[in-house]
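The values are calculated or read from the model by the stated rules, or taken from the named source; none is laboratory data. None of these values were measured; they are calculated from a predicted model. As a convention, Cβ positions derive from the backbone with ideal geometry for all residues, glycine included, and neighbour counts pool all protein chains shown.
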Amino acid sequence: MDLLLGAVALQSFLTGVNAGPLPRKYAREAPVVDLGYSVYEGVYDADSNINSFKGIRYAAPPLGNKRWAAPSAPETNRTTTIPATEYPPVCPQTGASSETPPEYGFASKLGNEDCLFLNVFAPADAHDLPVFFWIHGGGYALFSSTGLDASEFITTNNNGFVAVVIQYRLGAFGFLAGEDVKQDGVLNAGLLDMNYALKWVQNYIGQFGGDPSRVTIAGESAGGAAVLYQAMAYGGKQEEDLFENIISASPWLPHQYDYNDDVTEKIYDDFAGAAGCSAADDTLRCLREAKSEVLQNASGKVSEAGPFGTFAFVPVTDSTFVQHRPTEQLISKNLRGRRILTGSNANDGIPLSPPTSSTLQAFRDYVDITFPLFSDADKGALEKQYSYEGDDQDTNAENPLFDTSGTSFPTAVNQSSFATGQQQRLFNLFSEYAFHCPSYWIASSFPQAWKYQLSALPAFHGFDLNALWSKDQKIPGQDFIHAFQKIWGNFIINNNPVISVADAKQSKDNATVPAGTDGNIEWPQYSESSPTLLSLNTTGGVPTYLTPAANLKYYVYSDPGVTNAFKVADAAQWEGGRGNRCDWWKVNAAKVPY
């Protein structure tokens with residue numbers, strides 16, 4: 001995925017507090033923080049007036065008997081001050097299906113099991129600032145905190161918040177399930193790591209100038225769903241109050257089975273077999289005693305055997321931390337958190353869905369593989385939901401590629417800047433069931449909600465990370481990056497993502513944004529009775545044509561000339577009735593299951 005994003009890894013105000021950097025002549029000594037169990041020395045940056053602490057241990061190494069166990073407190077280590085100047089070791093990386101092109105960057109790679117660290121970016125002299133808590137995406141299998149420097153995001157918002165970026169166990173190390181794990185370990189260990197890091201914030205963020213009562217948890221893709229799992233924790237009844245706001249970007253809901261379902265047990269058996277533990281009297285003990293490299297390779301082997309774009313090790317219903325499927329709990333609204341900002345990208349179906357499905361039969365084959373619990377009647381109803389004129393014909397390679405407006409025809413059902421016909425039908429099907437619809441449902445489930453779509457091309461899955469983790473980024477243009485960061489920042493700081501018209505337009509009079517009557521943009525809150533979204537698009541710019549893989553080609557647009565073009569729209573009618581299609585998926589959620 002690194003290649004898709006260019007220079008960015010997919011890991012992709014108003015208060016006036018700490019409003020600017022100190023001149024270099026006033027550069028300070030390196031900041032030191034004493035956490036009781038260890039003392040860390042970070043780095044002060046005079047240009048941003050921000051202290052950074054990288055590689056702070058928040059939990060004990062999950063090795064040996066601590067594999068597939070709940071996270072626990074770090075051991076005390078006060079023999080010396082620990083430098084917090086480098087990104088921490090990366091967790092073992094478990095790749096996606098081997099059918100996924102290697103150019104996409106989803107391959108398995110060796111890592112370090114001792115990886116439960118976090119990074120903190122805090123304005124110097126910060127005091128009681130709100131906290132931004134980031135959970136990276138990657139299918140619960142890939143990526144890390146490396147390269148996720150929050151400094152520019154913070155300075156864009158007048159140094160008005162503290163940022164925490166975490167790592168958590170991935171692949172089989174974080175999400176191995178089955179009866180054995182239930183009896184002698186913990187299920188969803190990676191989710192428990194996240195929760196433990198949130199408790200670390202409650203205990204220690206004050207020493208960095210953060211206010212533990214004003215935490216916004218945020219994430220993208222698997223991270224965007226991971227924040228939902230934190231809101232769902234223990235049936236929505238977790239004793240500790242760990243956060244108040246949520247940002248969920250392109251939330252990815254994979255199939256969620258019970259921990260002892262046949263599908264889950266087969267993955268466990270396949271993993272044990274790949275690790276050489278099938279014949280052991282105590283399989284889990286054998287796995288805990290195995291060499292790390294053996295387990296890492298086994299995790300990769302099992303996940304890579306799945307269909308295109310899938311990951312084997314994902315959250316399960318465990319009857320404790322995850323008590324229900326996400327759709328069930330969203331409908332019940334038994335969730336922690338007061339406010340939510342949620343969005344998705346126009347072309348979220350790319351690159352995780354097959355790019356060579358140009359025939360009706362290929363579309364139907366994808367449906368058969370992806371939804372094994374669907375009856376023939378269900379599949380027929382699905383096709384009807386995604387019908388269009390000529391939907392029995394193969395994709396015509398000569399059809400022009402262009403992005404849709406969202407509010408008129410043609411729609412994303414069969415048209416985009418990436419594909420048309422059956423291929424786009426598949427892209428949009430995956431995009432809606434896995435990303436767009438979960439965002440709709442989440443927005444409907446909280447007392448206060450705002451919804452957006454990032455429409456700035458190419459707007460594929462993960463493209464929004466260019467705008468958030470924007471250090472040295474040129475795409476999708478500085479005006480867009482500024483507005484996007486102000487939207488998120490204002491939500492973190494002021495519990496409301498609505499920004500000023502000036503911030504939305506920046507220096508361009510020809511920018512088009514919906515203006516309210518108070519100097520701010522118009523952006524109504526989202527509700528089931530009034531589903532409204534804000535489309536975040538751009539026009540102009542210098543086009544560059546990229547071909548990172550044989551079946552992946554697109555334009556990116558960079559300055560000079562990138563101009564913001566935002567509009568408010570009816571989310572129910574968006575893209576020819578996406579709201580109705582999402583209602584259909586909600587009715588059929590148990591058959592997905594998710």
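Anything in the range 225-251 that is crowded, with 19+ Cβ neighbours inside 10 Å and within 16 Å of Val322 (Cα to Cα)? List them, or say none.
Ala225, Ala226, Val227, Leu228, Tyr229, Gln230, Ala231, Met232, Ala233
I want to confirm something. Restricting to the range 510-553 and keeping residues that are part of a loop (DSSP other than H, G, I, E, B) and among the aromatic types (Phe, Trp, Tyr), which single residue is surrounded by the fewest Cβ atoms within 10 Å (Cβ to Cβ)? My answer is Trp523. Within the range 56-87, the set of residues being closer than 12 Å to Tyr196 by Cα and in a loop (DSSP other than H, G, I, E, B) comprises Tyr58, Ala59, Ala60, Ala70, Pro71, Ser72, Ala73, Pro74. Checking the stated criteria, Gln256 turns out to be assigned by TED's automatic domain parsing to the domain that holds Ile56, surrounded by fewer than 24 Cβ atoms within 10 Å (Cβ to Cβ) and within 22 Å of Tyr433 (Cβ to Cβ).
What residue, of Thr310, Thr317, Thr411, Thr407, is crowded, with 17+ Cβ neighbours inside 10 Å and either under 30 Å from Gln485 (Cα atoms) or not assigned by TED's automatic domain parsing to the domain that holds Ala96 (or both)?
Thr411
Considering the range 277-293 alone, what residues qualify as being part of a loop (DSSP other than H, G, I, E, B) and surrounded by 15 or more Cβ atoms within 10 Å (Cβ to Cβ)?
Cys277, Ala280, Ala290 - these are the residues of the range 277-293 that are part of a loop (DSSP other than H, G, I, E, B) and surrounded by 15 or more Cβ atoms within 10 Å (Cβ to Cβ).
When the range 491-508 is filtered for residues that are part of a loop (DSSP other than H, G, I, E, B) and basic (Lys, Arg), only Lys508 remains. Could we say that Ala107 is over 28 Å from Ile340 (Cβ atoms), of a type in the set (A, V, I, L, M), assigned by TED's automatic domain parsing to the domain that holds Tyr204 and not in a strand (DSSP E or B) here? Yes; evaluated as a whole, the condition is true for this residue. Applying the condition of being of a type in the set (D, E, K, R) and assigned to a helix (DSSP H, G or I) to the range 434-480 and asking which residue is surrounded by the most Cβ atoms within 10 Å (Cβ to Cβ) yields Asp464. Here the range 308-334 is the region considered, the condition is being in a loop (DSSP other than H, G, I, E, B) and charged (D, E, K, R), and the residue that is farthest from Thr264 (Cα to Cα) is Lys333.
Of the residues contained in the range 329-344, none is found to be over 30 Å from Asn195 (Cβ atoms) and either out of contact with any helix residue (DSSP H, G or I) (no Cβ under 6 Å at 6 or more places or on another chain) or at pLDDT 95 or above (or both). Within the range 208-227, if we keep just the residues that are among the hydrophobic types (A, V, I, L, M, F, W, C) and farther than 19 Å from Gly171 by Cα, the residue that is nearest to the chain's Cα centre (by Cα) turns out to be Ala218. Scanning the range 451-477 for residues that are closer than 20 Å to Phe132 by Cα, out of contact with any Leu (no Cβ under 8 Å at 6 or more places or on another chain) and among the charged types (D, E, K, R) returns a single hit, Lys471. Against the criterion of being buried (at least 17 other Cβ atoms within 10 Å of the Cβ), of a type in the set (Val, Ile, Thr) and more than 30 Å from Thr370 (Cβ to Cβ), Val498 qualifies. Select from the range 335-370 the residues that are β-branched (Val, Ile, Thr), outside any loop (DSSP other than H, G, I, E, B) and surrounded by 23 or more Cβ atoms within 10 Å (Cβ to Cβ) and list them in ascending order. Hits for the range 335-370 are Ile340, Thr342.
Sort out which residues of the range 68-98 are among the aromatic types (Phe, Trp, Tyr) and under 16 Å from Val120 (Cβ atoms), and write them in order of number. Residue satisfying the conditions is Tyr87 alone. Only a single item in (1) modelled with pLDDT of 95 or more; (2) in a loop (DSSP other than H, G, I, E, B) is not met by Trp488, and it is number (2). Among the residues of the range 53-74, write down those that are crowded, with 17+ Cβ neighbours inside 10 Å, out of contact with any helix residue (DSSP H, G or I) (no Cβ under 7 Å at 6 or more places or on another chain) and either farther than 18 Å from Gly171 by Cβ or not assigned by TED's automatic domain parsing to the domain that holds Tyr87 (or both). Phe53, Lys54, Gly55, Ile56, Arg57, Pro74 - these are the residues of the range 53-74 that are crowded, with 17+ Cβ neighbours inside 10 Å, out of contact with any helix residue (DSSP H, G or I) (no Cβ under 7 Å at 6 or more places or on another chain) and either farther than 18 Å from Gly171 by Cβ or not assigned by TED's automatic domain parsing to the domain that holds Tyr87 (or both). For the range 294-307, filtered to residues that are touching a helix residue (DSSP H, G or I) at 6+ places or on another chain (Cβ under 8 Å) and in a loop (DSSP other than H, G, I, E, B), the residue that is nearest to Gly174 (Cα to Cα) is Ala305.
Where the second residue is among the small types (Gly, Ala, Ser) and in a loop (DSSP other than H, G, I, E, B) and the first is modelled with pLDDT of 95 or more and surrounded by fewer than 24 Cβ atoms within 10 Å (Cβ to Cβ) and lies in the range 160-186, which pairs have Cβ atoms under 7 Å and are six or more apart or on separate chains? Close Cβ pairs satisfying both conditions: Gly185/Ala69; Val186/Ala69; Val186/Ala70.
Among the residues making up the range 257-311, those that are among the hydroxyl-bearing types (Ser, Thr, Tyr) and more than 27 Å from Val322 (Cα to Cα) are Ser278, Ser292. Any residue in the range 557-573 that is outside any helix (DSSP H, G or I), under 27 Å from Thr100 (Cα atoms), within 23 Å of the chain's Cα centre (by Cα) and of a type outside the set (A, V, I, L, M, F, W, C)? There is no residue in the range 557-573 that is outside any helix (DSSP H, G or I), under 27 Å from Thr100 (Cα atoms), within 23 Å of the chain's Cα centre (by Cα) and of a type outside the set (A, V, I, L, M, F, W, C). Taken together, Leu287, Leu242 contain a single residue that is of a type outside the set (Gly, Ala, Ser) and in contact with a strand residue (DSSP E or B) (Cβ under 7 Å, 6 or more places away or on another chain), which is Leu242.
The set of residues in the range 111-145 that are more than 22 Å from the chain's Cα centre (by Cα) and of a type in the set (A, V, I, L, M) comprises Ala122, Ala124, Ala126, Leu129.
Every residue, every condition in (1) outside any strand (DSSP E or B); (2) in contact with a His (Cβ under 6 Å, 6 or more places away or on another chain); (3) modelled with pLDDT under 95; (4) closer than 18 Å to Gly224 by Cα, yes or no:
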residue: Val120; (1), (2), (3), (4): no, no, no, no
residue: Val131; (1), (2), (3), (4): no, no, no, yes
residue: Gly138; (1), (2), (3), (4): yes, no, no, yes
residue: Ala141; (1), (2), (3), (4): yes, no, no, yes
residue: Glu152; (1), (2), (3), (4): yes, no, no, no
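Highlighted here are the helices (runs of 4 or more DSSP H) found entirely within the range 155-239 that include at least 2 residues which are polar (S, T, N, Q): 189-204.
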